[in-house]
Amino acid sequence: MAFYKNLIVILAFCPPASMVAGAAELEEIRNYIEYSPTFASAGQPTREQLGLLPGAGFERVIYIAFSNGRNAIPDEDAVVKELGMDYVHIPVIWDAPTKADFYAFVGAMQSESEAKTLLHCAANFRASAFSFLYRVLHEGVPIAEAKADMNKIWTPNQVWTDLIFEVLADNDISPDCQSCDWTVGE
């Protein structure tokens, strides 16, 4: 009996190599960033990388680009569902994102707020901007921290900066912070 108790303790504190390798492999997804134990964003995963998500505890994938994009997986919805995860698709036009797009994403996130979620698009530009807004508005993350995470991925262009400012204004939040430089990218 002591053997089994020791084995349980070992397994609890020393995950199998396959789980550790899975975490390292997730970081190979383009621009992957984990914000919390239940929320990450990334660029387009491959089919193989999607297959790693359930083993890493992901329960939901939210995709905010178009399924006919250059690196998109046209049947990603079926692949994700076959892996046992929920799938939400909110196609966001790259050069014309709307507040309605963002609020549709918020609705999806809040429908199962505890579900471990991967939000992704083609390169994690759209997704990191939505992640910035969601974290500030719904998770209480300070603007400076959320912006620093977004800037690890990209510096939003004028279109996306305008959207960010509009959504923040709708929620009576100033984008200003001591370390925030809102100079737009390309």
Query - helices (runs of 4 or more DSSP H) wholly inside the stretch 116-186 containing at least 1 residues that are touching a His at 6+ places or on another chain (Cβ under 8 Å) and modelled with pLDDT of 95 or more - result: 125-138
Report summary line: Listed by first then second residue, the pairs whose first member lies in the stretch 40-69 and is within 23 Å of Ala146 (Cα to Cα) and without any contact (Cβ under 8 Å) to a residue 60 or more places away in the chain, whose partner is among the aliphatic types (A, V, I, L, M) and assigned to a helix (DSSP H, G or I), with beta carbons under 6 Å and at least 6 positions apart or on separate chains, are Val61/Val80; Ile62/Ala108
**Report entry** Residues within the stretch 102-113 that are in contact with a His (Cβ under 9 Å, 6 or more places away or on another chain), outside any loop (DSSP other than H, G, I, E, B) and surrounded by fewer than 17 Cβ atoms within 10 Å (Cβ to Cβ), tallied
**Finding:** 2
Query raised in the report: Can you name the number of the only condition in (1) in contact with an Asp or Glu (Cβ under 6 Å, 6 or more places away or on another chain); (2) farther than 30 Å from Arg47 by Cα; (3) of a type in the set (D, E, K, R) that Lys116 fails?
Result: (2)
Requested in this report: Assess whether Asp95 counts as being among the charged types (D, E, K, R), surrounded by 12 or more Cβ atoms within 10 Å (Cβ to Cβ) and on the phi < 0 side of the Ramachandran plot.
Outcome: no
Query - Single residue of Ala148, Ala123 found to be surrounded by fewer than 22 Cβ atoms within 10 Å (Cβ to Cβ), among the small types (Gly, Ala, Ser), at negative phi and within 13 Å of the chain's Cα centre (by Cα) - result: Ala123
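The values are calculated or read from the model by the stated rules, or taken from the named source; none is laboratory data. Note that the coordinates shown come from a computational prediction; the quantities given were computed from them, not determined experimentally. Here Cβ is always computed from backbone atoms with ideal geometry, including for glycine, and neighbour counts include all displayed protein chains.
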